[in-house]
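The next block holds one structure in the form of structure tokens; read it before the comments.
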Amino acid sequence: MSIVTVQLGQCGNQIGHEVFNAICSDVHGTHGLCSKKENESYHDACKERFFCEEESEVPIARAVLVDMEPKVISQTLSMAARSGYWKYDDRSHFCQKQGSGNNWANGYSVHGPRHKEVIMNLVQKEAEKCDRLGGFFTIMSMAGGTGSGLGAFVTQCLRDAFPTSFILNHVIWPYGTGEVIVQNYNSVLTLSHLYQSSDALLVHENDVIHKICAQLMNIKQISFRDVNQVIAHQLGSVFQPTYTAEGGLHYSRNPLGDLMETLVPHPEFKMLGLRNIPQMPENSLAYSTFSWPGLLKHLRQMLIANAKMEEGIDWQVQPPRLGSSLPSSHSTNRPLHFNTSIANLVILRGKDTHSVDLGSFRDPSLYTSWLNPQDAFNAWKTPRAFNKYEKSASLVSNSQFLLKPLDNVVGKAWNMFASKAYIHQYTKFGIEEEDFLDSFTALEQVISSYTIL
């Protein structure tokens, strides 16, 4: 099944380009470390998923590019075409001249309705090119105006136009210090609207990725491109083909559907986080060896201690002993800083994946009490290595990982709202105080649901 990617705003378009780059370099790399037959079926599954091959020999990305200013889209189109490995369809983009001025209401209430028909026609055309449409993957930032406001509007339109297709929103969480004064407003409005129309939100935090660039990748002067490449590598490690069943003979055909089925058992819980291990500069790879037990020990501790990368993990955090104190309906018996999960998915790529012991991820004390641990954990595997790493593991987790950042954003936005700061910039585009209050209420509900796991 094919995925149609919708790239929204400057951030969405720049990351989307890096994602297709990462997927292409993985497919063309000679580092598969697996049989020729295995490599070919991996190629085929990947091509069907992300590219369509028309008259030209160069694969064309299944993507729609949307921005309210032309510069980034024209750069993205030409960079992809220059790569020689893949390109975008010249007719699958839409841009305007004026931008959204970092105002969510401008993107959502003005640009969205005004350009709805053109944008949805482009999406419809891309969808019709798929033999079987698996769903939509949107990429957007929460801080600005186009990605967030127009992104939320387009997601609602996708839900209306394709009621049975899966929609996964990839959302970039802004830097805590922030570059946009109203980013917390934009974030609150974006999240609350996406929560209504999306099947799941896959979140990357800029601060975390920045740290990975500095501490793991040893990059001295970190650019947006460096940050986007790390994000793209992590996304590729999840969306490239895998076997989802033990002893499966065919690569999974429905990646978005499989992801939702394993990770989103209840519509109240839609926040997904992603961790990937190992991550290091390419020149260090030659001198490194990895064992599955070592990688998985780190990955599990990253999960329960809510560490976003393998450096600086708190090894003191341990899961609660079951039945040790109060009934589990009270979260007070959870040790401090322990990150409770609803569901986890581990994805293993590389050699000897069949013999890996994943028992430690099946430990019932990692999960909320209302789900059977057998249903809460899944593993996908492939013997084919990913992007130069002979062994790599990714963890997609539906857990309490975002509680602190979410609480922070809502708190800061509420403080501004209480003093009516900048509200007039939103009301002039038709977003009233009522809309803000609805958004706060919706997110308070999400925070409360995750807190009492």
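The values are calculated or read from the model by the stated rules, or taken from the named source; none is laboratory data. The structure presented is a predicted model; accordingly, all values stated were derived computationally and were not measured. No Cβ is skipped: glycine too gets one built from the backbone with ideal geometry, and neighbour counts run over all protein chains shown. In case anyone asks, the SASA skips ligands and DNA or RNA and just uses the protein heavy atoms, side chains included. Shrake-Rupley method; radii C 1.70, N 1.55, O 1.52, S 1.80 Å.
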Test: residue in the stretch 387-405 that is in a loop (DSSP other than H, G, I, E, B) and among the polar types (S, T, N, Q): yes
Matching residues in the stretch 274-290 - criterion: being among the polar types (S, T, N, Q) and open to solvent by 60 Å² or more (accessible area, probe 1.4 Å): Asn283, Thr289
Residues (more than 24 Å from the chain's Cα centre (by Cα) and part of a helix (DSSP H, G or I)) located in the stretch 109-138: Ser109, Val110, His111, Pro113, Arg114, His115, Lys116, Glu117, Val118, Asn121, Lys125, Glu128
Every residue from the stretch 385-443 that is closer than 30 Å to Ser41 by Cβ and open to solvent by 10 Å² or more (accessible area, probe 1.4 Å): Asn387, Lys388, Tyr389, Glu390, Lys391
Single residue of Met260, Met271, Met309, Met302 found to be hydrophobic (A, V, I, L, M, F, W, C), at pLDDT below 90 and open to solvent by less than 20 Å² (accessible area, probe 1.4 Å): Met309
Residues of the stretch 140-197 satisfying the condition of being more than 18 Å from Ala127 (Cβ to Cβ) and surrounded by fewer than 17 Cβ atoms within 10 Å (Cβ to Cβ): Tyr175, Gly176, Thr177, Gly178, Glu179, Ile181, Gln196
Hey, Glu40 open to solvent by 20 Å² or more (accessible area, probe 1.4 Å), modelled with pLDDT under 95 and closer than 27 Å to Val154 by Cβ or not: no
Verdict on Leu453 being open to solvent by 20 Å² or more (accessible area, probe 1.4 Å), in a loop (DSSP other than H, G, I, E, B) and closer than 24 Å to Leu263 by Cα: no
Any hit, the stretch 366-380, residues being part of a helix (DSSP H, G or I), out of contact with any Gly (no Cβ under 6 Å at 6 or more places or on another chain), modelled with pLDDT under 95 and among the hydrophobic types (A, V, I, L, M, F, W, C): yes
Positions within the stretch 207-230 being surrounded by fewer than 16 Cβ atoms within 10 Å (Cβ to Cβ) and either of a type in the set (Lys, Arg) or in contact with an Asp or Glu (Cβ under 9 Å, 6 or more places away or on another chain) (or both), in sequence order: Gln215, Lys220, Arg225
Any helices (runs of 4 or more DSSP H) falling wholly within the stretch 251-314 and containing at least 2 residues that are closer than 15 Å to Leu395 by Cβ, touching a residue at least 60 places away in the same chain (Cβ under 8 Å) and under 16 Å from the mean Cα position of the chain (by Cα): 255-263
Arg62 being under 27 Å from Ala385 (Cα atoms), of a type in the set (Lys, Arg) and buried (at least 16 other Cβ atoms within 10 Å of the Cβ): yes
Residue within the stretch 119-134 that is under 29 Å from Ile209 (Cα atoms) and open to solvent by less than 30 Å² (accessible area, probe 1.4 Å) present: yes
Any chance Phe417 is closer than 19 Å to Gly273 by Cα, touching a residue at least 12 places away in the same chain (Cβ under 8 Å), of a type in the set (Phe, Trp, Tyr) and not in a strand (DSSP E or B): no
Check on Leu202, under 16 Å from Gly16 (Cα atoms), touching a strand residue (DSSP E or B) at 6+ places or on another chain (Cβ under 7 Å) and among the hydrophobic types (A, V, I, L, M, F, W, C): yes
Verdict on Phe361 being touching a strand residue (DSSP E or B) at 6+ places or on another chain (Cβ under 6 Å), open to solvent by less than 20 Å² (accessible area, probe 1.4 Å), at negative phi and free of Cβ contacts under 8 Å to residues at least 40 places away in the same chain: no
Any hit, the stretch 36-59, residues being under 20 Å from Gly144 (Cα atoms) and touching a residue at least 12 places away in the same chain (Cβ under 8 Å): no
Unique residue being at pLDDT 90 or above and under 30 Å from Glu432 (Cβ atoms) when the list is Gly101, Gly16, Gly9: Gly9
